[in-house]
Amino acid sequence: MARYAYAPLSVEEGLGPGGGRRLPHEAAAEAERAAKVNERMPTFVGICVLVAVAFVLSRSPQQAGVVVPGGASTASVGGTVPTMANTFPEGTAASVDVVVDDADRGAGVGPPVIQISPPSKTKSSPDDYDPPRDGCDGLVDPATIDVGALRAKALDSTPPHIIECSAASDGESQSACHLPSKTRYAALGQKGATLWMTGCSGAGKTTIATALEDRLVKAYGKHVYRLDGDNLRTGINRDLTFTEADRAESVRRTGEIATLFADAGVITLVGLISPYREDRDMVRKRHEDQGIPFYEIFLDVPVEELKKRDPKGQYARVESGELKHFTCIDDPYEPPLKPEITLKTHELEIEQSADILFRRLEMDGILQGAPKLNPPGLPNPDGDEVIDLHVPGHLRAARMEEATKLPKVLITDLDLNWLQTIGEGWASPLKGFMREGTLLEVLHFNSILVDPFNLTGNGGIHTTATNFETFNEFRPANRVSMSVPITLSCTEFTKSAIESASARAVALTTQMGNIVAILRDPEIYPNRKEEIATRMFGVIDPGHPYIQQIYKGGDFLIGGEVELLDRITYNDGLDKWRKTTKELMDEFKQKGADTVYAFQTRNPTHAGHAYLMRSAGENLKEQGFKKPVLWLSPLGGWTKEDDVPLDVRVKQHEEVLNSGLMHPGGLDPDSTVMAIWPAPMVYAGPTEVIFHAKSRRSAGASYFVVGRDPAGMKGSSLAVAHKDDDLYDGDHGRYVLRNSPGIGSMKMLSFVKVMYDIKDNIMKVPDDSRPSDFISISGSKMRLLARNGAVPCSATDIPTDLVEANCVPSGFMVPKGWDIVVDYYRNIDAGRWIPWSRPVVDPGACKSTKGSGKFGTLDFHLKPTDYDSFWHDIPMKPSLGDEYIINLVTEIPLRMTAKMEVQKGLPGNPIGQDSNKDGSPRYYTYGTTFFNYGYIPQTWEDPNLKDSLGNGGDNDPLDVMEVGSQRLDMGSITPCRVLGHFELIDEGEMDNKVICIALSDPDAGSIHSMGDLERIKPGTIERLKDWLKRYKTSDGKAENSLASEEPTSIKEAMDLIEETHSRWKNLCGKGTGYVSDDHGFWLESPGCKGK
């Protein structure tokens, strides 16, 4: 609750009767009040009389009531004071003193006596003025009173003990006399400020202020008010003349009004000549004392130019001698020494001057209510909050330790792109994967309502569980752009693990098993895939690449706020171009940017692009910006297969920057920043363009360059309406972006059509007067020329048919950049490219192994260094003497979902990644593995070995699921205690899974059977069964079945192991059975058939 307080009393006022003696509390209060009334009344009466005298004297020198000793007055008998016109002589002054008679004062009666000294002249008073002096009875001559001096005395003697209420603190409402400025400004969506325009008459103060007011109110809906001589002298200043003292008072009063207006959040435009520097400086100090922005704007126009303008004919009257004491002619004007802005309005159009003022307000954050978070000229991120969700370094170890004990949620590489987008602030104000309420807003409105300052009690609307039952009385007032769903899917398997855990957090784990983030307070809700796809894309195309990604997701979505345990890197040689939003802001600041314009690239940059980017920068300079900085922003996240790979684009862009302005296809590195945009490309047309622009604004861009069909693609063969045709109209993206809700102050720069000028050897806008000199080089033609290895054309003889000549104009692209493009298109199937940001990680392999190829591709293979073959040369059992211990060769470490397996047909039987039917690397999608997975060497599940149902072996070594808590290295050989096994029936094959626990595991000493496993790790057996039966369902396949819901005994498991070992011997020709040689296995190691 707000508190009200009186200012401290003086010592004398604080004393009661008898020098401060206190009475009993009931009588004391009454006595104290009476004493104060008696003590203060003479002073109060005196002040009232003084104010009355000032008022009367300011009204007319002809008639006035004058207070004389004893309280008499020369006013009319009826007690009224005649009014009169404001004709007090300009420049006269008198000294007025207030003298209190001590005797009368002591008696408690009578007002102060006013003594008036002889008049003095100011520098602007006319010498020939002789006012009438009748009717004064020899007591007071009003003509001799210096009202300015009287006013100054009154101001100097203003009692300091004014009743004030205490300032409101954060969280308090209008029950206090003032809201905190931060709260007020946030609610209004703007800050208060005063623009004080000073200059000679006719300089354009009113005209420019009117133009600025018109723009701010009509186009931006801002609260603005203009104060000038016209509206001030008809009201608050109508008692003032043009004497030096009255001019000073006019400035003071106007300054006080402006201070109050600005404190209330109004952008206040003041247009006064205000000729004296000291007066303006006092107004400035008043604003500075209140912490209110004050801009002194000097309209610097030569007098000769003003005489030419002379809109009111005043300068002509001065020239004729009709008008005297005219400021800037025969009265002084003191120009500002250090104004915030100087406008030479004789060199500028009215709109140019208004633009300069507007940009200054915009640059300083006055046009937004939130505090300015970024360097001047750069916008606040959406939601007015800088988002950086990285865990501080000193907390990282503790958070990682916590994460290892939390339920694990699998994220794909595409999800990792989105996680980076969230954590680095590109999707501000989002702090995690979308909760259900947030998703609904995005799907239905392409935006979300936010309340960053909790003005309506909705501050946590997007960071708390969605409530469909109760709603706050008020909605958040601010809407920010958010057009693309950013969600995380999971399966029933993961959902059950989260719901059965006691922790209210989960660990986000990549496909390669690395824990990268913690998600707090998870909200799990249905993944309505059809609703998301139809609302997001607005087309029906089951073959659309991102729509396919949506349908591949699990049946549930997980929302919640994330903490990044470390910076997300990809180790692909391109990380130096991956910058967080904060790092980008810092780089823009270092380059001195006063605005940033972003150019998004999906293709190599040619001279046409460079022309557009350079032209955009020049246009911004023409608008008055001093240092516009270009942000070259290549797409870095997931893209469809036929897009130009990320590394090709980035390396080509590097050459564009290296060429500088020496080549028409180059860019100036001093005014250009290149930084990869991390989000996936979803190909959602106009809907996605909104997000492209929004995310660039969150990193500092105020302008976004938009071309035709900026986020579109052709429909697939499955599209209903647009088979092999553009899914979206090419012009719709720009239109939708321009009018989208929540886009704020983001501005759009449109592409223009450029062609190659064969005369000038550059790309530029075609000249209609010589159309035959311009040729078109489309994207498809560029790709064809690159595939054909086109060489530079002759600079003096450029053919119109470039394809037939197989040459490319020298000015089309920087030479080294063209070489990179040619290399890609001529070796497009080489497999050495980096399509998009996917982490290059170490497989976590055992030291006694050697890898080849890139992990995560089908080229990767891992072989042992101490053996010729994992499968054939490592013994089935270690030499420990325990009959229930086997050797485990780890293929898939704990938490990893890359489906690694022994390559039976390759020399050395290395570990490699399994593939899908389309030839892509295979990953588990059901969830994160909670076991280490591998096989027992020197075993083989013979297809000819049938179970009781007639199912034969799966033709692989015997699989093992190790249920310890420690991650085993890929390719490691680990002694493992057998606990039992499950017989899995997978597509008519018998695929047995031995369950064991590594002897190195902390729980190995307590777990010797499946019963022990359930006792020490409750629920593990059920999770194993669920995984085995359903792990393929997330890929759209049918469930597997188990021969028995109960695991076998240890003895039964050991019998199976011995049987598969004997079958392996038969395979190697060492047993009693015969196996034909049509299996295709490599068996030439010493342990099998080799020497």
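Assorted remarks:
- Index of the failed condition, H444 passing every other in (1) more than 18 Å from R535 (Cβ to Cβ); (2) open to solvent by 30 Å² or more (accessible area, probe 1.4 Å): (1)
- For I1007, the stated conditions hold: it is in a loop (DSSP other than H, G, I, E, B) and under 24 Å from I885 (Cβ atoms).
- A397 passes every criterion in (1) under 26 Å from A501 (Cα atoms); (2) of a type in the set (A, V, I, L, M); (3) touching a residue at least 24 places away in the same chain (Cβ under 8 Å) apart from (3).
- The residues on offer are D1035, D1003, D1077, D1055, and the sole one that is surrounded by 15 or more Cβ atoms within 10 Å (Cβ to Cβ) and among the charged types (D, E, K, R) is D1003.
- Region 507-537, subset on the phi < 0 side of the Ramachandran plot and small (G, A, S), residue nearest to the chain's Cα centre (by Cα): A517
- Tally of residues being assigned to a loop (DSSP other than H, G, I, E, B), in contact with a Ser or Thr (Cβ under 7 Å, 6 or more places away or on another chain) and acidic (D, E) across region 433-454: 0
- Against the test of being of a type in the set (K, R), in contact with a helix residue (DSSP H, G or I) (Cβ under 7 Å, 6 or more places away or on another chain) and either free of Cβ contacts under 8 Å to residues at least 60 places away in the same chain or surrounded by 15 or more Cβ atoms within 10 Å (Cβ to Cβ) (or both), the options R1023, R1015, R1063, R1030 yield a single qualifying residue, R1030.
A quick yes/no check of all residues on (1) at pLDDT 95 or above; (2) more than 30 Å from G437 (Cα to Cα); (3) in contact with a helix residue (DSSP H, G or I) (Cβ under 8 Å, 6 or more places away or on another chain):
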residue	(1), (2), (3)
R535	yes, no, yes
E563	yes, no, yes
D566	yes, no, yes
T569	yes, yes, yes
L574	yes, yes, yes
T581	yes, no, no
V596	yes, yes, yes
G624	no, yes, yes
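- Restricting R697, R708, R738 to residues that are closer than 30 Å to P792 by Cα and among the basic types (K, R) narrows the list to R708.
- Residue that is under 30 Å from I743 (Cβ atoms) and in contact with a His (Cβ under 9 Å, 6 or more places away or on another chain), where the choices are P379, P293: P293
For every residue, the table says whether it meets (1) part of a strand (DSSP E or B); (2) crowded, with 23+ Cβ neighbours inside 10 Å.
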| site | (1), (2) |
| --- | --- |
| T466 | no, no |
| E469 | no, no |
| N472 | no, no |
| R475 | no, no |
| V480 | yes, yes |
| T494 | no, yes |
| S502 | no, no |
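- Within the option set I341, I350, being more than 26 Å from the chain's Cα centre (by Cα), in contact (Cβ under 8 Å) with a residue 24 or more places away in the chain and within 12 Å of G624 (Cβ to Cβ) holds for one residue only, I341.
- Screening region 253-275 for residues that are open to solvent by 30 Å² or more (accessible area, probe 1.4 Å) and without any contact (Cβ under 8 Å) to a residue 60 or more places away in the chain and picking the one that is nearest to R184 (Cα to Cα) gives L260.
- Given (1) surrounded by fewer than 23 Cβ atoms within 10 Å (Cβ to Cβ); (2) in a helix (DSSP H, G or I); (3) free of Cβ contacts under 8 Å to residues at least 60 places away in the same chain; (4) among the hydrophobic types (A, V, I, L, M, F, W, C), index of the condition I547 fails: (1)
- Scanning region 783-816 for residues that are part of a strand (DSSP E or B) and open to solvent by 50 Å² or more (accessible area, probe 1.4 Å) yields V791, P792, S794, D797.
- Considering region 233-252, the residues that are open to solvent by 30 Å² or more (accessible area, probe 1.4 Å) and not in a helix (DSSP H, G or I) include one that is nearest to K153 (Cα to Cα), namely D239.
- Whether a residue is open to solvent by 60 Å² or more (accessible area, probe 1.4 Å) and assigned to a loop (DSSP other than H, G, I, E, B) was assessed, and D566 passes this test.
- The listed residue being assigned to a loop (DSSP other than H, G, I, E, B), without any contact (Cβ under 8 Å) to a residue 24 or more places away in the chain and either touching a His at 6+ places or on another chain (Cβ under 9 Å) or surrounded by fewer than 19 Cβ atoms within 10 Å (Cβ to Cβ) (or both), out of S717, S745, S769, S780: S769
- Figure legend. Inter-residue proximity from region 915-929: first residues part of a strand (DSSP E or B), second residues open to solvent by 10 Å² or more (accessible area, probe 1.4 Å) and small (G, A, S), beta-carbon distance below 7 Å, spacing 6+ or different chains. Indicated pairs: P921/G856; P921/S915.
- Every pair of residues 6+ apart whose Cβ atoms lie under 6 Å, when the first sits in region 210-232 and is closer than 17 Å to G271 by Cα while the second is at pLDDT 95 or above and acidic (D, E): V224/E213; R226/E213
- Among the residues of region 941-967, the ones that are farther than 22 Å from E1045 by Cα, touching a Pro at 6+ places or on another chain (Cβ under 6 Å) and surrounded by 20 or more Cβ atoms within 10 Å (Cβ to Cβ) come to 0 in all.
- Sole residue being of a type in the set (A, V, I, L, M), modelled with pLDDT under 95, within 18 Å of G742 (Cβ to Cβ) and in contact with a helix residue (DSSP H, G or I) (Cβ under 8 Å, 6 or more places away or on another chain), chosen from L455, L443: L455
- Every test in (1) assigned to a helix (DSSP H, G or I); (2) crowded, with 22+ Cβ neighbours inside 10 Å is passed by L430 save one, and that test is (1).
- Top-ranked residue in region 307-360 [being of a type in the set (G, A, S) and crowded, with 19+ Cβ neighbours inside 10 Å; ranked as farthest from H223 (Cα to Cα)]: S353
- Selected residue (only one of P686, P669 is open to solvent by 10 Å² or more (accessible area, probe 1.4 Å), more than 20 Å from the chain's Cα centre (by Cα) and either closer than 30 Å to E441 by Cα or touching a residue at least 60 places away in the same chain (Cβ under 8 Å) (or both)): P686
- Among residues of region 442-457 that are farther than 14 Å from E473 by Cβ, those with a Cβ under 6 angstrom from a residue that is assigned to a strand (DSSP E or B) and open to solvent by less than 10 Å² (accessible area, probe 1.4 Å), sequence gap 6+ or separate chain, pair up as S447/S481.
- Scoring L373 on the criteria (1) part of a loop (DSSP other than H, G, I, E, B); (2) crowded, with 16+ Cβ neighbours inside 10 Å leaves a single failure, condition (2).
- Tally of residues being touching a Ser or Thr at 6+ places or on another chain (Cβ under 8 Å), under 18 Å from L395 (Cβ atoms) and either open to solvent by 10 Å² or more (accessible area, probe 1.4 Å) or polar (S, T, N, Q) (or both) across region 504-520: 2
- Of the residues making up region 455-464, those that are closer than 20 Å to Y525 by Cα and open to solvent by 40 Å² or more (accessible area, probe 1.4 Å) number 3.
The values are calculated or read from the model by the stated rules, or taken from the named source; none is laboratory data. None of these values were measured; they are calculated from a predicted model. Reconstructed Cβ throughout: ideal geometry from the backbone, glycine too, with neighbour counts over all protein chains shown. For the accessible areas, the whole protein counts, side chains as well, though only heavy atoms, and no ligand, DNA or RNA atoms are used. Shrake-Rupley method; radii C 1.70, N 1.55, O 1.52, S 1.80 Å.
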